[in-house]
Number of protein chains: 2
Amino acid sequence: MVRAVSETHGEILAAAARQFTVSGYRGTSLQDIAREVGCSKATVLYHFANKEALLAELMAPAIGVLRDLDDRLTGLTGSAAQEVAAQGFVDLAVRFRREIAVLRGEFPELLCQPAFAHIQQISDRLRDALAGHSDRPGARIAALVLLAGISEACGEFTDIPDDELRAALLTLVRRAVEPVDAPLPQPPTTEDKDS
Amino acid sequence: MVRAVSETHGEILAAAARQFTVSGYRGTSLQDIAREVGCSKATVLYHFANKEALLAELMAPAIGVLRDLDDRLTGLTGSAAQEVAAQGFVDLAVRFRREIAVLRGEFPELLCQPAFAHIQQISDRLRDALAGHSDRPGARIAALVLLAGISEACGEFTDIPDDELRAALLTLVRRAVEPVDAPLPQPPTTEDKDS
DNA sequence: CAGAAGTCTGACCGATCGGTCAGGCTCTGA
DNA sequence: TCAGAGCCTGACCGATCGGTCAGACTTCTG
């Protein structure tokens, strides 16, 4: 059976997206993808140079949006950076729930691959922005917990429509982020031991 | 070379912990562990029935603490459940940073294995408790984002001492969790479309 | 009609995985 | 002294992985 180029190409991409979401990148073999499409493993490797190229093409749209967000963050400081980072990342996470779920937990290894080398730097800058470029541990911790948690959680809420999920996440982030413009948010914690 | 039982056993366990933390469970082979210990792969499999048993023994302490927390949560409702869940999970996450990092992202597959079958249910109950047993989407989302984010983030802050990390996380969780005892926290969201 | 281009496949490759097994080694106690 | 228990290993196994390759088939084009 011979199909139009774009047809098989797209079917492989769609099957890979589903399989990666369920089993992760490593947990999915080219044979699994070929089986779902109904072609041979060699056909998958005819349309894509290798497994990594398949992943790269799958991630391209999300990465593009992430880069745009990175550009918009340059020059911003304090709560302005926090707000733009919050809105931008929440929107990105909701729109690309599936793609982000794929990377779930496989970030460290995947980021070593050349196609994704720069993403680590971008996400570091995103975290700094969400922390209002503060170096207080509380701000850094809150920013990382929120970014990681949203990435992880988005894929789970498949039953919640985009609008509702986006609004709830944005409310959460605004509530949870450590304010940086105010001198200090009246620390009500139990004890402070600055080592 | 022949060592005392407990010695090699412990060395394998320690090496596995390090490797799993860096490369994940799947990403670490028995050969990798054996190489770090300085023994053969067969020796690893002499001390542990199989790879899964190695992981189970590594996780046992953390799982025990998780079960204790689960017990303490039974019967609690509202903000009381939230507070106990917050304190208990933050403490657990900080104490067992490394163990939790191992499971990072490999939860879905690992939870299928019989040794970890019950953990999914416990973590579901933990999430419900942190949401104050509310079924409002905002509360559920906040709880999941916080649990996932803390799990993910703890392993990254190796430079922050336990006390400080614990205090910062607890402050964050208390600030971020959606209050449930008050009738409704003055919803400032854009629009509510109850489908 | 000839042949070039594009699409697809089965057979195969080397590498690596988790796991097994027979046997060698050291130490201990009768 | 010697048998047995405990510890350890090299060699090996079947399965699976990502990837290659020659060739078959269809479609387009001059």
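What follows is calculated from the coordinates using simple rules that are stated; it is not laboratory data. Just so it is clear, the structure is predicted and the values come from calculations on it, not from any experiment. Every residue, glycine among them, receives a Cβ derived from its backbone with ideal geometry; neighbour counts consider all protein chains shown.
Remarks
- Förster radius 45 Å - calculated FRET efficiency between A:Y46 and B:A53, Cβ distance, rounded to 0.05: 0.60
- Position B:L111, label points 7 Å along Cα→Cβ, spacing to each other copy in nm (shortest first, one decimal): 2.5
- Sorted peptide list for A:116-125, A:146-155, criterion being average Cβ within 10 angstrom, highest first: A:146-155, A:116-125
- Residue-by-residue Karplus 3J(HN,Hα) for the stretch A:161-174, coefficients 6.51, -1.76, 1.60, Hz, glycine and proline x: x, 3, 4, 5, 5, 4, 4, 5, 5, 5, 4, 4, 5, 4
- Taking the number of Cβ atoms within 10 Å of each Cβ as an exposure proxy, the fewest-first ranking of B:L111, A:L130 is B:L111, A:L130.
- For the residues of B:157-167, the average number of beta carbons from a partner chain within 10 Å of their own beta carbon is 3.
- For A:R72, the distances from its label point to the matching points in the remaining copies are 4.2 nm, ordered from shortest, with each point set 7 Å beyond Cα toward Cβ.
- Remark on the stretch B:17-167: hydrodynamic radius 16.6 angstrom, per the Kirkwood mean of 1/r across alpha carbon pairs.
- B:I122/A:E7 FRET efficiency (R0 41 Å; Cβ-Cβ; nearest 0.05): 0.35
- Inter-copy separations for A:D124, label at 7 Å along Cα-Cβ, nm, ascending: 4.0
- A straight Cα-to-Cα reach below 15 Å connects A:K41 with the aspartates and glutamates A:E11, A:D32, A:E52, residues fewer than 8 places away in its own chain not being considered.
- For B:A60, net neighbour charge (Lys/Arg +1, Asp/Glu -1) across residues whose Cβ lies under 15 Å away: -1
- Vicinal HN-Hα couplings computed from phi for the stretch A:89-101 (Karplus, 6.51 cos²θ - 1.76 cosθ + 1.60; Hz; Gly/Pro x): 6, 4, 4, 4, 5, 6, 5, 10, 3, 5, 4, 5, 4
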